[in-house]
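S.K.: So that we are looking at the same thing, I have put the structure below in structure tokens.
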Amino acid sequence: MIQTIRVFESSQLVPYHNLAVEKYLLDLCGERECILYLWQNQRTVVIGRNQNAWKECKVSRLEEDGGYLARRLSGGGAVYHDLGNLNFTFLVRKENYSVERQTEVILRAVRALGIPAVRSGRNDLLADGRKFSGNAYYEHGDRCYHHGTLMVDVDKEVLGAYLTADKEKLKAKGVDSVRSRVINLKEFVPELTIDRLKEALRAAFEDVYGCRSTVMMERDLEVEKVKAAESRFSSWEWNYGKKMEFSLELSHRFSWGTLSIQLEVKDGKVADAAAYSDALQPDIILELPDGLRQARCSKKELCAKLETLHPDTTDEQKMLQEIREWLWSVEL
């Protein structure tokens with residue numbers, strides 16, 4: 001049972017620092033505690049743990065405009081952040097982790113502002129049938145977080161200029177572009193500000209958890225630990241990784257997300273492999289390249305190699321089975 005709730009607001013606008021603070025707060029969170037972390041990034045594209053930066057974002061344009069490309073720990077798809085967007089993160093131990101309860105905080109806060117917010121599927125929040133919040137999730141040991149965006153007054157033209165839309169996904173949703181899928185909360189409440197939304201979130205946080213919150217300050221953070229994590233999140237290796245030359249690329253859209261597998265084939269064997277996905281379960285995607293390396297480039301052996309992987313959860317076991325069935329159906 002949660003007995004203590006705390007709120008921390010970041011004063012910085014650089015994604016690498018803010019992602020480092022998020023990781024630090026995850027490690028800090030107590031057994032009967034929930035921390036609500038509120039943060040903003042300036043001109044930033046954040047991609048999911050297993051996504052290919054070059055496929056999700058117009059990297060050169062973003063860099064030329066002085067923007068940031070950042071990779072988070074959680075799975076899911078690419079999102080654009082500017083100062084019209086507010087990010088939230090709930091950090092909690094596994095025994096008290098509840099997506100439903102955490103989402104209720106967001107819905108209650110937004111509804112209190114007079115906006116008809118509803119949950120759609122596992123990771124989107126909608127108003128008037130359009131998305132104003134995308135959510136993603138991360139678990140490490142007994143520690144979990146649930147984070148997401150809240151579009152208050154995001155520049156949708158810039159959003160569409162940086163993100164590379166997945167045409168198949170947009171077609172499945174019955175819309176024409178990234179911009180048409182999303183809506184700003186200011187379209188419902190023109191006078192809405194980020195500060196007013198923060199106040200509503202803190203009130204809803206206390207209401208849902210039934211206790212008063214305390215405020216964490218910047219001085220409460222251990223600077224060296226945050227800097228160490230920031231160094232990782234800002235590194236080229238973490239954000240871009242190696243842009244592998246490949247001989248074969250296979251892509252498919254599943255019910256749980258898109259998957260792209262790149263294979264570098266030498267002498268009939270897979271010399272190297274990479275896997276990219278916007279799936280919300282990142283761990284099984286991370287295991288795929290090791291499972292495919294050194295296999296002969298045949299459907300039979302590729303599928304057989306994947307049988308050596310042992311996913312931890314039922315959902316990941318089902319994902320792996322679907323991946324094997326798909327590979328068996330492709331033409332190599």
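The values are calculated or read from the model by the stated rules, or taken from the named source; none is laboratory data. Quick caveat, the model's predicted, so the values are computed rather than measured. Glycine gets a Cβ as well: all are built from the backbone with ideal geometry, and neighbour counts include every protein chain shown. Calculation scope for accessible area: heavy atoms of the full protein, side chains included, ligands and nucleic acids excluded. Shrake-Rupley method; radii C 1.70, N 1.55, O 1.52, S 1.80 Å.
S.K.: Top to bottom by accessible area (1.4 Å), largest first, where do M151, M1 land?
M.R.: Working: M151 15, M1 160 Å².
The ordering from most to least exposed comes out as M1, M151.
S.K.: Rg over Rh of segment 1-160, using C-alpha atoms and the Kirkwood radius, what does it come to? Mind dumping the intermediate values first?
M.R.: On the way: Rg = 15.5 Å, Rh = 16.2 Å.
With Rh from the inverse mean 1/r over Cα pairs, Rg/Rh is 0.95.
S.K.: Starting from the exponent 0.38 and prefactor 2.2 Å, build the expected Rg for segment 20-74 from its residue count and divide its actual Cα Rg by it. Don't skip to the answer; put the middle values down first.
M.R.: Values: Rg = 14.4 Å, N = 55, 2.2 N^0.38 = 10.1 Å.
For segment 20-74, the normalised Cα radius of gyration comes out at 1.43.
S.K.: Which of W39, Q3, I115 sits farthest toward the positive end of the charge dipole of the chain, with +1 on the Cβ of Lys and Arg and -1 on the Cβ of Asp and Glu?
M.R.: In the chain, that residue is I115.
S.K.: Of H252, L309, L201, which is farthest on the positive side of the dipole of the chain, counting Cα position, with +1 on Lys and Arg Cβ, -1 on Asp and Glu Cβ, and the Cα centre as origin?
M.R.: H252
S.K.: Still on this model: Given the whole protein assembly as supplied and a 1.4 Å probe, what does the accessible area of S277 come to in Å², nearest 10?
M.R.: Here the residue's solvent-accessible area equals roughly 10 Å².
S.K.: For the chain, what does the accessible surface come to per residue with a 1.4 Å probe? Please give it in Å².
M.R.: Numbers: 15470 Å² over 332 residues.
Roughly 47 Å² per residue, with all protein chains present.
S.K.: So how far apart, in nm, are the two label points at D128 and H310 if each is 7 Å from Cα heading toward Cβ?
M.R.: In this crude spin-label approximation the distance works out to 5.3 nm.
S.K.: Given a 1.4 Å probe and heavy atoms of the protein chains only, how would you sort D155, D267, largest accessible area at the top?
M.R.: On the way: D155 70, D267 160 Å².
Of D155, D267, the descending order of accessible area is D267, D155.
S.K.: Probe radius 1.4 Å, ligands and nucleic acids left out: which of H252, H140, H146 has the largest accessible area, and how do the rest follow?
M.R.: Values: H252 75, H140 110, H146 0 Å².
Output order, biggest surface exposure first: H140, H252, H146.
S.K.: Using the Cβ atoms and a cut-off under 10 Å, what net charge is assigned to the surroundings of E95, where Lys and Arg are +1 and Asp and Glu are -1?
M.R.: Summing Lys and Arg as +1 and Asp and Glu as -1 gives +1.
S.K.: From the list (1) 21.7, 71; (2) 18.9, 59; (3) 20.4, 64, can you say which value of Rg and Dmax of the Cα atoms in Å was derived from the structure given?
M.R.: (3)
S.K.: While we're on this one: For a Förster distance of 22 Å, can you work out the FRET efficiency between the beta-carbons of K299 and Q321, rounded to the nearest 0.05? Can you show the working numbers first?
M.R.: Working: r = 15 Å, r/R0 = 0.69.
Efficiency, from the Cβ-Cβ distance: 0.90.
S.K.: Starting from the Cα of M1, step 7 Å along the direction of its Cβ; do the same at E33; then give the gap between the two resulting points in nm.
M.R.: 2.0 nm
S.K.: In whole angstrom, note down how far apart the Cα centers of segment 60-81 and segment 143-161 are.
M.R.: Using only Cα atoms, the two centres lie 11 Å from each other.
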